[in-house]
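Down below is the structure, laid out as structure tokens.
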Amino acid sequence: MVTPTFYLALDWLTVAVIILASLVGAVRFRQLPPSLRYLTLFASFEVFTELLSRSLIRVFHLKSNLFLIPIAAIGEVGLLALAYRQVLRSAAFGRALPWVLGLFSSYALLEALAGLGTVRFAPTVQVSTDLLMLGFAGLYFRKLLHELQVNELRHEPFFWMSAGMIIYALGDLQIALFSNYLLLHSSLQLQRLVIVEVHLFLLLIFYSGCGLALWMRPQK
């Protein structure tokens, strides 16, 4: 079983990575292309939601911060969509994006309102978010394979961002599908291991990919 010390270290390391990524992006913001500017805004939004979710529990002593999941999902998907729109440069993607974001945001807001005052996950919102992330990353890799314009993938910022996002989304998808079952039928230790600690590790991978993307200089 993971010790509390390891959990706290992983928790703060995850927050530190995304804070560092947002700071790097903020410092270089004027020199960044539009896609990485949106990625900087995404990193800053993640910092805000990470700190807010912790404050609600540790400072304001709320029993649950799960109602934030649908609200945070709207910001995450929206900013990622804008970043990938700049990278993909697809007319079809640009036309479909307002409809996809509008439907997703409307549904997520309804889930947020329904979840007020309750302790439950919003698995359908999480699943939708993960599927959209997988879609963005999949379209990016499809573009790479079709155009073959990148000389070295390790120097391509959105390669690392997309790779980290795929790993995160696939893992988070499993958590989303079984989270409510675990809350009802498993021990607190198992809930903490799967829902909290595994999710933190996935976030660390995701944020590391985001940080690498903002750290390196894109190829011309």
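Remarks
- Exactly one residue out of 46, 50 is open to solvent by less than 30 Å² (accessible area, probe 1.4 Å), within 20 Å of residue 173 (Cα to Cα) and in contact with an Asp or Glu (Cβ under 8 Å, 6 or more places away or on another chain): that is 46.
- Residue in the range 55-62 that is out of contact with any Asp or Glu (no Cβ under 9 Å at 6 or more places or on another chain), among the aromatic types (Phe, Trp, Tyr), in a loop (DSSP other than H, G, I, E, B) and over 25 Å from residue 135 (Cα atoms) present: yes
- Listed conditions (1) at pLDDT below 95; (2) of a type outside the set (Val, Ile, Thr); (3) within 21 Å of the chain's Cα centre (by Cα) are all met by residue 185, apart from (3).
- Looking across the range 66-82, the residues that are of a type outside the set (A, V, I, L, M) and open to solvent by 20 Å² or more (accessible area, probe 1.4 Å) come down to 67, 76.
- Condition check for residue 147: at pLDDT below 85 and open to solvent by less than 30 Å² (accessible area, probe 1.4 Å): no
- Out of 192, 142, one residue alone is of a type in the set (Lys, Arg) and modelled with pLDDT of 90 or more. It is 142.
- Residue in the range 83-93 that is most open to solvent (accessible area, probe 1.4 Å), counting only those that are assigned to a helix (DSSP H, G or I) and closer than 23 Å to residue 210 by Cβ: 85
The values are calculated or read from the model by the stated rules, or taken from the named source; none is laboratory data. All of these numbers come straight from a predicted model, not from anything done at the bench. Because the Cβ atoms are built from the backbone with ideal geometry, glycine has one as well, and the counts that use them run over all protein chains shown. Side chains included, ligands, DNA and RNA excluded: accessible areas come from the protein's heavy atoms. Shrake-Rupley method; radii C 1.70, N 1.55, O 1.52, S 1.80 Å.
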